[in-house]
Amino acid sequence: MYNAEDNAHHGGNLVTESSPAKIGNHIYITAGSGHVYGYNLGTKAIDWDFVIGSDLDGTPVVTSDSCLLVEVEKQYINGNGGVFKLNPRKDVKECVEWYFPTPDFHFSGWDGGVIGSVCVNDFYNDGSYLHLAAFTGIDGVLNVVQYDAIRKDSSVVGPDGITKYPVPVLKFRHHIGPSISTPVFSKNKLVAAGYVGVNLFSFSNDGNFKLLNTFPGNFEASPSSDQGRIYIASRDGFLYCLGDTSHTIVDEPFVKVVQPKTEVVKNIKPVEAVKPKEEIPNNSKINKSYVTLLIPSAKKRIADQQKVDALVVNNKVEPIKEKVIPKVENHVVIESQPANANFHLIAGVFRSKENATNFKNLWINRGMHASIIVSSKGMFYVSIAESNLENELSPIQDEVKTKYKSETWIFTREE
């Protein structure tokens, strides 16, 4: 889903990462090439093509008035990233209802804009609430707008840095820290997660929001809610269930961590989630290392999760000096590697040696010193760099993230 000009402009980075959305007899797709395509199910052809030019990561969201909310990353564009509201019933030259830009902000290989999808409250809205849309930018700000209302007193410049568009009415904004997660509405609640933690808000019929609680952690996934509880997967390897354990169905979730009924964690007491006294200031310094260091923790228990690279204290980011680096127990090097290399930059893990070998060769063709490590459990780890000093791998990790959009993590070999 691209043309030759897109290929040249994006340097081959044309992957479509979103899911499709359907309105009437059309399917709409946000492509990595920077296009929002409309595919006609009747004619079996693309007959609508709105060109943004940026890398589009999120899924287009359909609103109650049959429009599309499309996120825009700050990449390959001259202007700011942000969120479009598009009316696909109109010609592409007239389809923009509004644009909401977000500030440029460099974080872990991203330069700003919105990566996750937008969420709306239409499913729970019986007409007594405003039509709301929520999204979080890389700059760390959660924005909630009234998606069917525009400001009459102002306009903003779009992603091309030239064209001006109307701007929606902003109802609420709150700094939660950098995020690529999609928020979720549940009745009169809003849950928003990011690399600093999970936040729970309530809101009134007229769109006044209140922060109810926070839970610290490192989250890229989007939350889901069911019967008063919040479910979300973390980069520490655990799936968390957050809610009040005193009721089967609750109206005010997010009070305690639900104690799972498993042998591993059966004796762990629920953890109280502490409500912060103030918002995170916009000039907070984020410790980048806790994003780029992915820590596998298959054998860790929840009670052992004391060491992380950043904590939230009174809703402020506090970096921790000591970094935890996981070990692969009793692993065996089955291909050539420096005998005394203590740290390895891992690009992928496979159950099949054949798949691991193919992945290794891919990185060799990219100019990396790739090799394979096998663990005691028979998993094949593809290492693309190694060193005796951990800090020598961090620049390589950043370069791989920026150049190839690939997540990597660091571990140390077993002595």
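The values are calculated or read from the model by the stated rules, or taken from the named source; none is laboratory data. All of these numbers come straight from a predicted model, not from anything done at the bench. Glycine gets a Cβ as well: all are built from the backbone with ideal geometry, and neighbour counts include every protein chain shown.
Below, the figures for the structure above:
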read-out	value
Looking only at the stretch 123-181, and only at residues there that are under 13 Å from Phe84 (Cα atoms) and aliphatic (A, V, I, L, M), the one that is surrounded by the fewest Cβ atoms within 10 Å (Cβ to Cβ)	Val157
Scope the stretch 16-53; condition in contact (Cβ under 8 Å) with a residue 60 or more places away in the chain and either of a type in the set (A, V, I, L, M) or closer than 17 Å to Cys67 by Cβ (or both); matching residues	Ser18, Ile23, His26, Tyr28, Ile52
Residue within the stretch 176-184 that is more than 28 Å from Gly79 (Cβ to Cβ) and part of a strand (DSSP E or B) present	yes
Residue count, the stretch 117-168 (criterion: of a type in the set (Asp, Glu) and either within 25 Å of the chain's Cα centre (by Cα) or on the phi > 0 side of the Ramachandran plot (or both))	3
Qualifying positions in the stretch 231-255 - hydrophobic (A, V, I, L, M, F, W, C), modelled with pLDDT of 90 or more and either in contact with a strand residue (DSSP E or B) (Cβ under 9 Å, 6 or more places away or on another chain) or not in a loop (DSSP other than H, G, I, E, B) (or both)	Ile232, Ala233, Leu239, Cys241, Leu242
Hits in the stretch 220-230 - residues which are surrounded by 18 or more Cβ atoms within 10 Å (Cβ to Cβ), touching a residue at least 40 places away in the same chain (Cβ under 8 Å) and assigned to a loop (DSSP other than H, G, I, E, B)	Glu220, Ser222, Pro223
Criterion: modelled with pLDDT under 85, touching a helix residue (DSSP H, G or I) at 6+ places or on another chain (Cβ under 9 Å) and either part of a helix (DSSP H, G or I) or surrounded by 13 or more Cβ atoms within 10 Å (Cβ to Cβ) (or both) - qualifying residue of Val382, Val349	Val349
In the stretch 117-145, the residues that are closer than 17 Å to Pro101 by Cβ and touching a Gly at 6+ places or on another chain (Cβ under 9 Å)	Val118, Phe135, Thr136, Gly137, Ile138, Asp139, Gly140, Leu142, Asn143, Val144
Options Val92, Val96; residue that is within 19 Å of Pro60 (Cβ to Cβ) and touching a Leu at 6+ places or on another chain (Cβ under 7 Å)	Val96
In the stretch 7-22, the residues that are under 13 Å from Leu56 (Cβ atoms) and either under 19 Å from the mean Cα position of the chain (by Cα) or assigned to a loop (DSSP other than H, G, I, E, B) (or both)	Asn13, Leu14, Val15, Thr16, Glu17, Ser18, Ser19, Pro20
Members of the stretch 71-122 found to be among the charged types (D, E, K, R), within 22 Å of Ile27 (Cβ to Cβ) and surrounded by fewer than 20 Cβ atoms within 10 Å (Cβ to Cβ), listed by number	Arg89, Lys90, Asp91, Lys93, Glu94, Asp122
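Yes/no matrix, rows are residues, columns are (1) over 21 Å from Gly237 (Cα atoms); (2) surrounded by fewer than 19 Cβ atoms within 10 Å (Cβ to Cβ); (3) modelled with pLDDT of 80 or more:
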{"position": "Glu318", "(1), (2), (3)": "yes, yes, no"}
{"position": "Glu322", "(1), (2), (3)": "no, yes, no"}
{"position": "Val328", "(1), (2), (3)": "no, no, no"}
{"position": "Ile334", "(1), (2), (3)": "yes, yes, no"}
{"position": "Asn355", "(1), (2), (3)": "yes, yes, yes"}
{"position": "Asn361", "(1), (2), (3)": "yes, yes, yes"}
{"position": "Gly378", "(1), (2), (3)": "no, yes, no"}
{"position": "Asp398", "(1), (2), (3)": "yes, yes, yes"}
